[in-house]
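Reviewing the structure listed below.
Derivation of every value follows stated rules applied to the coordinates shown; laboratory data play no part. This structure is a prediction, so every number in the text was calculated from the model and none was measured. Cβ coordinates were reconstructed from backbone atoms using ideal geometry, including for glycine residues, and neighbour counts include every protein chain displayed.
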Amino acid sequence: MSDADIGNGQAVETIRAALARHRPRGTPFLCLLRDTTLRSAIQAQAVGATEVLPADVPPSLLAKTITRLLQEGEGGEAASDAAAFTRSQLTVAAASLADMLGAASAGKPVTRGAVDASVRSIDEVAGAGNLGDLLQIVWNYDDLTYQHCMLVAGLAASFAHRLGFSAADRELVTRAAVLHDIGKARIPLEVLHKPGPLDEAEQAMVRTHPEIGHAMLLAQGGFAPVVLTAVRSHHEYLDGTGYPDGLSGAEIPDIVRIITICDIYAALIERRSYKAPMAPEAAFDILVQMGGKLDKDLLRAFEERIVKAHKAAQACATEQKPPQRAP
Ligand SMILES: [Fe+2]
Ligand SMILES: [Fe+2]
């Protein structure tokens with residue numbers, strides 16, 4: 001249990017270090033918050049909190065929550081080692097994304113260490129090969145920007161592993177995926193997360209995110225050219241109908257084509273509080289119907305290596321559900 005100002009970077013680092021030292025697998029972590037803003041709750045989740053409560057909660061509720069978490073923790077040990085590994089790696093990735101997006105939205109340079117840490121963790125999870133666990137854990141992130149970045153990066157890293165990419169190429173793909181929407185950190189949240197359809201002006205604003213992201217990273221310096229291209233061009237289509245530059249065919253490198261496919265698939269299978277993720281078949285059908293916009297060979301490989309694994313993971317999750325009682 002922690003009781004610290006989670007808005008303070010040093011406190012967060014101290015909590016992380018303490019958890020790394022003292023938290024065996026499956027141990028619940030209750031995070032008490034001094035301010036209960038959404039940002040603090042997200043930060044707490046990113047650090048790996050099992051549950052969050054305001055620090056001034058009545059002692060009786062605190063005691064009840066601790067008892068429940070301890071009971072659940074004992075039962076929860078049945079969760080496989082693989083799932084625990086995936087969870088702890090993705091917690092690191094989410095915490096790093098929080099640092100990275102926080103810096104970007106405050107107009108500061110993107111924290112290199114945070115990008116490196118999330119790329120490493122996501123690549124390790126993808127290498128362990130369990131796409132089902134990865135999706136299940138990522139779907140638990142309610143913040144749509146985190147969920148989206150982690151989904152795109154998780155899919156892209158898994159795809160790169162399954163295509164047999166070298167470690168260096170995998171790193172580039174995963175880095176491009178982690179950073180692809182970094183420009184969205186500068187778009188107002190009320191537009192980005194607007195529940196209804198966007199009006200024309202709002203759409204135009206959202207469509208500036210590739211150029212904004214590209215300009216941010218270019219100004220900061222030190223990013224591989226293909227990563228910069230992926231940030232700028234992940235909404236381009238092979239038939240020239242995309243944005244911001246209307247590129248077509250050979251003007252769009254393979255790594256960018258991979259990010260585009262993973263980006264669209266991720267947007268289709270994201271989990272919102274009010275809707276279940278779209279089934280893998282239905283999501284893939286939409287990609288196929290996009291015709292000449294996406295790379296056909298890559299799409300076929302994506303079906304073989306990712307969509308099939310996603311379907312298998314889903315079938316397995318459905319089997320594990322308790323049988324419905326007869327009416
Ligand atoms: Fe985007
Ligand atoms: Fe995206």
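Per residue of the chain, what 222 nm ellipticity follows from adding -39500 (n - 2.57) for every DSSP H run with n ≥ 4, rounded to the nearest 500?
-19500 deg cm²/dmol
Given segment 80-320, what count of lysine pairs have C-alpha atoms under 20 Å apart, with each pair 8 or more places apart or on different chains?
5
Hey, got the Cα dimensions of the chain along the principal axes, in Å, largest first?
Cα extents, longest axis first: 63, 53, 41 Å.
In whole Å, how far is the Cα centre of segment 116-173 from that of segment 206-239?
Centre-to-centre distance over Cα atoms comes out at 20 Å.
Would you mind checking the tilt of helix 144-162 against the longest principal axis of the Cα atoms of the chain, expressed as 0 to 90 degrees and rounded to 10?
70 degrees
What does the extension gain come out to for Leu218 and Ile66, with contour length at 0.36 nm per residue minus their alpha carbon separation?
50.0 nm
Please give me the summed charge of the neighbours of His235: other residues whose Cβ is under 11 Å from its Cβ, Lys and Arg +1, Asp and Glu -1.
Here the count lands on -2.
Please work out how much length the chain gains when fully extended from Lys275 to His22, using 0.36 nm per residue of separation minus the C-alpha to C-alpha distance, in nm with one decimal.
Gain on extension, Lys275 to His22, equals 87.4 nm.
Can you sort Ser233, Ser88 from fewest to most other Cβ atoms within 10 Å of each residue's own Cβ?
Ser88, Ser233
Given 0.36 nm per residue, what is the gain on full extension from Glu304 to Ala103 after removing their alpha carbon distance, in nm?
68.6 nm
Sorted by packing (mean other beta-carbon atoms within 10 Å per residue), highest first, where do 238-248, 24-34 land?
Put in order of decreasing packing, that is 24-34, 238-248.
Using unit Cβ charges (K, R positive; D, E negative) and no other charged atoms, how large, in debye to the nearest 20, is the dipole of segment 171-226 about its Cα centre?
Using only the charged Cβ atoms, the result is roughly 160 debye.
Can you compute the modelled spin-label distance between Leu198 and Thr318, with each label point 7 Å from Cα toward Cβ, in nm?
So the label points at Leu198 and Thr318 sit 3.4 nm apart.
Ala82 to Ala55: FRET efficiency via 1/(1 + (r/R0)^6), r the Cβ-Cβ distance, R0 45 Å, to the nearest 0.05?
E(calc), rounded to 0.05, equals 0.80.
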